[in-house]
1. Can you tell me how many residues in the range 139-151 are assigned to a helix (DSSP H, G or I) and more than 16 Å from the ligand (Cβ to nearest atom)?
2. Give me a count of the residues in the range 100-138 that are touching a Gly at 6+ places or on another chain (Cβ under 7 Å) and in a helix (DSSP H, G or I).
3. Is at least one residue of the range 121-133 surrounded by fewer than 20 Cβ atoms within 10 Å (Cβ to Cβ) and touching a Ser or Thr at 6+ places or on another chain (Cβ under 9 Å)?
4. How do the pairs read when you match residues in the range 1-28 that are over 11 Å from Arg57 (Cβ atoms) and in contact (Cβ under 8 Å) with a residue 24 or more places away in the chain with residues anywhere that are of a type in the set (Lys, Arg) and exposed (fewer than 14 other Cβ atoms within 10 Å of the Cβ), using Cβ under 8 Å and keeping only pairs 6 or more apart or on different chains?
5. So is Ala48 aliphatic (A, V, I, L, M), within 11 Å of Leu139 (Cα to Cα) and either touching a His at 6+ places or on another chain (Cβ under 9 Å) or within 15 Å of the ligand (Cβ to nearest atom) (or both) or not?
6. How about the range 74-107: which of its residues are crowded, with 17+ Cβ neighbours inside 10 Å and more than 16 Å from the ligand (Cβ to nearest atom)?
7. Starting from the range 99-125, take each residue that is more than 24 Å from Ile28 (Cβ to Cβ) and list its partners that are surrounded by fewer than 17 Cβ atoms within 10 Å (Cβ to Cβ) and of a type in the set (Val, Ile, Thr), counting only C-beta distances under 7 angstrom and pairs at least six apart or across chains.
8. Given (1) in contact with a Lys or Arg (Cβ under 9 Å, 6 or more places away or on another chain); (2) more than 24 Å from Phe120 (Cβ to Cβ), identify the lone condition not met by Met61.
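A short reminder: the numbers here are calculations on the coordinates, not readings from a lab. Being a predicted model, the structure only gives us computed values, none of them experimental. Note: ideal-geometry Cβ built from the backbone for every residue, glycine included; neighbour counts use all protein chains shown.
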Amino acid sequence: MALLEILEFPDPRLRTIAKPVETVDDSIRELIDNMFETMYAAPGIGLAATQVNVHRRIVVMDLSEDQSEPRVFINPEVTVLGDDEAPYDEGCLSVPGFYESVDRPTHIRVEALDRDGNPFTLEPDGLLAVCIQHELDHLNGKLFVDYLSQMKRQRIRKKLEKLHRARA
Ligand SMILES: [Zn+2]
């Protein structure tokens, strides 16, 4: 397995729209394993392939405390089931160090393929529903900072750019 580099806002590659996975084969499963290793090492609870500069529709996630509930979503599709929305303080491995409240639909249905290419359907709630929508946004080139005011987004952008310059 290998650790992958995580792109950070405002890297323009994070704006790429990911393409569907046509065949779930061993190369996809290897990518998934590397994404899990990268996510656990970060540490984080969700990672989209977009964030490691692979523009295919793949998300990995684990909301457990002890890395015991790995979840894979390939070609995920989300349907919003009601008008209810709730705020959650979201963070992101591509926007390190920042947490901001984002409103999202609370009732959704997710259809996706698992790591063997088998379709499954889920009606998640709570953090899982938030996280899936956050990760699906990544596959569409969208970040949680896009939901914030332009002023807040610019402030985060400037701080991260300063950090990236210091690191270079
Ligand atoms: Zn994220």
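1. Within the range 139-151, residues that are assigned to a helix (DSSP H, G or I) and more than 16 Å from the ligand (Cβ to nearest atom) number 2.
2. Qualifying residue count, the range 100-138: 3.
3. At the first step, the residues of the range 121-133 found to be surrounded by fewer than 20 Cβ atoms within 10 Å (Cβ to Cβ) are 121-128.
With the extra rule that they be touching a Ser or Thr at 6+ places or on another chain (Cβ under 9 Å), the set shrinks to 125-126.
Yes, the range 121-133 contains a residue that is surrounded by fewer than 20 Cβ atoms within 10 Å (Cβ to Cβ) and touching a Ser or Thr at 6+ places or on another chain (Cβ under 9 Å).
4. That search, which allows pairs on different chains as well, returns Leu7/Arg13.
5. In short, yes.
6. Within the range 74-107, Ile74, Asn75, Pro105, Thr106 qualify.
7. What qualifies is Pro105/Val80; Ile108/Thr79; Ile108/Val80.
8. Failing condition for Met61: (2).
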